[in-house]
Amino acid sequence: MQVHQTKIEGCFVIEPTVFEDKRGYFMESYNQEKFEKLTGAKPFFVQDNESFSVKGVLRGLHFQKGEHAQAKLVRVLEGEVLDVAVDIRPNSKTFGQVVSTLLSSNNKKQMFVPRGCAHGFVTLSDTAKFSYKCDNFYHAESEGGIIYNDPTFNIDWILNEDDLIISEKDRVLPIFKVAVPH
């Protein structure tokens with residue numbers, strides 16, 4: 001397993017070791033001992049989520065506040081997405097920084113998004129199955145979000161605006177300066 005620190009403090013892109021032969025492949029998708037040794041993070045995952053999306057679906061930018069904040073280890077089981085994290089921790093030295101990476105069933109990369117970051121992704125392939133390991137339970141009252149096209153970040157979602165499929169809930173999320181106290 002190779003772990004790459006991103007420009008956001010505590011956010012990592014992880015490349016598992018994949019053993020391939022004529023039968024297919026084998027990989028360890030998560031090993032707590034190795035993960036902690038290589039990242040220094042010690043999440044205790046309590047909830048696994050999976051989503052299925054068609055091309056153009058943009059989910060995000062979502063987060064949970066306070067004691068219900070979640071760290072996530074995310075990966076794509078089928079297809080390809082552009083995965084995005086935004087540091088919204090006001091006391092972080094990387095506050096306001098954005099990281100994006102391509103995650104796919106082909107590259108098998110994962111991204112660890114620490115607590116205090118907003119997260120989202122857009123589906124680039126015809127369909128995608130996306131898996132989330134979370135270190136805290138979902139708590140509806142603690143849910144927050146930032147509009148996907150916030151001019152503060154100028155995120156390149158790769159697809160044309162007209163090709164994006166966004167839920168009504170995500171279309172009305174506030175801008176960064178309103179969603180996150182500075």
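HN-Hα J couplings of the stretch 86-91 from phi, Karplus 6.51/-1.76/1.60, θ = phi - 60°, integer Hz, Gly and Pro as x?
10, 6, 10, 8, x, 8
If you find the alpha carbon centre of the stretch 12-34 and of the stretch 133-182, how far apart are they in angstrom?
Taking the Cα centre of the stretch 133-182 as reference, the centre of the stretch 12-34 is 31 Å away.
Which Cα, out of 95, 119, 61, lies furthest along the positive dipole direction of the stretch 47-151 (beta carbon charges, K/R +1, D/E -1)?
The residue sitting farthest along the positive end of the dipole is 95.
Can you list the HN-Hα couplings for the stretch 50-67, worked out from phi with the Karplus curve (6.51, -1.76, 1.60; θ = phi - 60°), rounded to whole Hz and with x for Gly and Pro?
Values per residue, Gly and Pro as x: 9, 10, 10, 9, 8, 3, x, 5, 10, 10, x, 8, 10, 7, 10, 9, x, 5 Hz.
Sort 78-88, 134-144, 17-27, 107-117 by packing, meaning the average of other beta carbons within 10 Å per residue, with the highest value first. The partial results should precede the final answer.
On the way: 78-88: 23.4, 134-144: 13.8, 17-27: 8.6, 107-117: 21.8.
So the order, starting with the most tightly packed, is 78-88, 107-117, 134-144, 17-27.
With contacts defined as alpha carbon pairs under 8 Å and 6 or more residues apart, what's the relative contact order of the chain in percent? If you can, show how the numbers build up before the last one.
Numbers: 403 pairs, mean separation 52.2, N = 182.
Reported as a whole number, the value is 29 percent.
Anything over 21 Å Cα to Cα? Flag those among 108/129; 93/177; 7/72; 65/133; 108/169, in the order listed. Before the final figure, lay out each step's value.
Numbers: 108/129 12 Å; 93/177 17 Å; 7/72 17 Å; 65/133 17 Å; 108/169 30 Å.
Correct reply: 108/169.
Run lengths n ≥ 4 of DSSP H only: what is the helix-derived mean residue ellipticity at 222 nm for the chain, with -39500 (n - 2.57) per run over all residues, to the nearest 500?
Result for the chain: -2000 deg cm²/dmol, rounded to the nearest 500.
Give me the number: length gained by fully extending residue 143 to residue 168, i.e. 0.36 nm times residue separation minus the C-alpha to C-alpha distance, one decimal in nm.
Extra length available between residue 143 and residue 168 comes to 7.4 nm.
Taking θ = phi - 60°, what integer Hz values does the Karplus form 6.51 cos²θ - 1.76 cosθ + 1.60 yield along the stretch 97-113, in sequence order, with x for Gly and Pro?
Computed from phi, the couplings for the stretch 97-113 are 7, 10, 10, 9, 8, 7, 10, 8, 5, 7, 7, 6, 5, 10, 10, 9, 10 Hz.
With unit charges on the beta carbons (Lys and Arg positive, Asp and Glu negative) and the dipole taken about the Cα centre of the stretch 43-179, which residue among 159, 128, 145 sits farthest to the positive side?
My answer, from the dipole projection, is 145.
If you place +1 on the Cβ of every Lys and Arg, -1 on the Cβ of every Asp and Glu, and leave all else neutral, what size is the dipole of the chain about its Cα centre, to the nearest 20 Debye? List each step's numbers first, then the result.
Details: 21 positive and 25 negative charges, 94 e Å.
The calculated dipole for the chain is roughly 460 debye.
If you bin the C-alpha pair distances of the chain every 5 Å from 0, what whole percents do you get?
Reading the bins upward from 0: 1, 8, 17, 21, 22, 16, 9, 4, 1, 1, 0.
Values quoted throughout were computed directly from the atomic coordinates according to the rules given, and no laboratory measurement underlies them. The shown structure was predicted, so the numbers you read here are calculated from the model rather than taken from an experiment. No Cβ is skipped: glycine too gets one built from the backbone with ideal geometry, and neighbour counts run over all protein chains shown.
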